[in-house]
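A short worksheet on the structure shown next.
The values are calculated or read from the model by the stated rules, or taken from the named source; none is laboratory data. As the structure is a computational prediction, the values presented were derived from the model and not from experiment. Cβ: placed from backbone, ideal geometry, glycine included. Neighbour counts: every protein chain shown. When the accessible area is computed, the model is the full protein with side chains, heavy atoms only, and any ligands, DNA or RNA have been set aside. Shrake-Rupley method; radii C 1.70, N 1.55, O 1.52, S 1.80 Å.
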Amino acid sequence: MAIPPFREEPEQARPFFRKLREIRDSLEQVCGAGLPDLSMGMGHDFPVAIAEGATLVRIGTALFGPRAG
């Protein structure tokens, strides 16, 4: 799971997502086991995360709005 530093421009999260995918891919090679889930991206940057291979995204704020309080 990855939550990159918040940036106004979602595209700036791409290097963080790409690196996590590369780490996951390397672990699959080393361990010889599939790691099918890649959890990264939130409401603000999920399109970029999906483009980099995310299989799980957290988009609660995009659906329900910001938390009260």
What residue, of Ala54, Ala62, is touching a Gly at 6+ places or on another chain (Cβ under 6 Å) and open to solvent by 60 Å² or more (accessible area, probe 1.4 Å)? Ala62
One residue is enough: does the stretch 38-57 have a residue meeting the conditions at pLDDT below 95 and more than 9 Å from the chain's Cα centre (by Cα)? yes
Are any residues in the stretch 1-51 β-branched (Val, Ile, Thr) and under 20 Å from Ala62 (Cβ atoms), and if so, which ones? Ile3, Val48, Ile50
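Provide a single number: the residues in the stretch 18-69 that are aliphatic (A, V, I, L, M) and over 21 Å from Glu8 (Cα atoms). I'd like the intermediate steps shown before the answer.
Going residue by residue through the stretch 18-69, those that are aliphatic (A, V, I, L, M) are 20, 23, 27, 30, 33, 35, 38, 40, 42, 48-51, 54, 56-57, 59, 62-63, 68.
This time we only want the ones that are over 21 Å from Glu8 (Cα atoms), so: 23, 27, 30, 33, 35, 38, 56, 68.
The qualifying residues number 8.
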In the stretch 1-19, how many residues are surrounded by fewer than 12 Cβ atoms within 10 Å (Cβ to Cβ) and among the aromatic types (Phe, Trp, Tyr)? 1
